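For reference, the structure discussed in these notes is given below.
Each reported figure results from applying straightforward, stated rules to the coordinates on display, with no laboratory input. None of these values were measured; they are calculated from a predicted model. In this analysis, Cβ positions are derived from the backbone assuming ideal geometry, glycine residues included, and neighbour counts consider all displayed protein chains.
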Amino acid sequence: MCDASVFIAFALGEASSSRARALTRSRRLLAPPLLRYEVANAAAQKCARRPEEAPLVREAFVRSLSIPVRKVEPSWPAVLEIAREHRLSAYDASYLQVAQALGVPLATLDERLAEVTETLGLLATPRED
């Protein structure tokens, strides 16, 4: 299971892409459906910041669409409770809720989400080859 920070890092070739790959190595990718929206938004922002890289970013984004990700709909009432209880955005809470419901580790590069996820015993750790 991974959140958008991890997926964006390896899909768009961010500086943290090697860490993101280590976090997801040998794991099936699961995420709420909002993952693709977040990746598209990150790509659009990157294109706006670096117009000269827009063709490469678009290419990377299109390639990322072929990465298999099983979409899992979160329990929305539970998302609200997790967001409220842990002071997370509903976006981050949706990733955490799915990980909790499935009992799988959550890979994230987001410090706040990692902190909460670790306290719940669900934080994914990097895997070597």
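See the values below:
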{"quantity": "Ranking of Glu52, Glu38 by count of other Cβ atoms within 10 Å, fewest first", "calculated": "Glu52, Glu38"}
{"quantity": "Amide hydrogen neighbours beyond the local backbone of Ala107, cut-off 5 Å, H modeled", "calculated": "Cys2, Asp3, Ala124"}
{"quantity": "Net lengthening on full extension, Ser16/Glu52 (0.36 nm per residue, minus Cα-Cα)", "calculated": "10.8 nm"}
{"quantity": "Per-residue Cβ neighbour rank within 10 angstrom, fewest leading, Cys2, Cys47", "calculated": "Cys47, Cys2"}
{"quantity": "Rounded, prolate or oblate (a/c below 1.5 giving rounded, otherwise prolate when a/b exceeds b/c) for the chain by Cα gyration tensor", "calculated": "prolate"}
{"quantity": "Nearest-ten-degree value, helix 34-49 long axis tilted from longest Cα axis of the chain", "calculated": "40 degrees"}
{"quantity": "MRE, 222 nm, helices only [DSSP H, n ≥ 4, -39500 (n - 2.57), over the chain, to nearest 500]", "calculated": "-18000 deg cm²/dmol"}
{"quantity": "Highest average packing first - 24-32, 57-65, Cβ atoms within 10 Å", "calculated": "24-32, 57-65"}
{"quantity": "Contour minus Cα-Cα distance for Ala40 and Ala78 (0.36 nm per residue)", "calculated": "11.1 nm"}
{"quantity": "Helix axis angle, 54-64 relative to the chain longest principal axis, alpha carbon, degrees", "calculated": "50 degrees"}
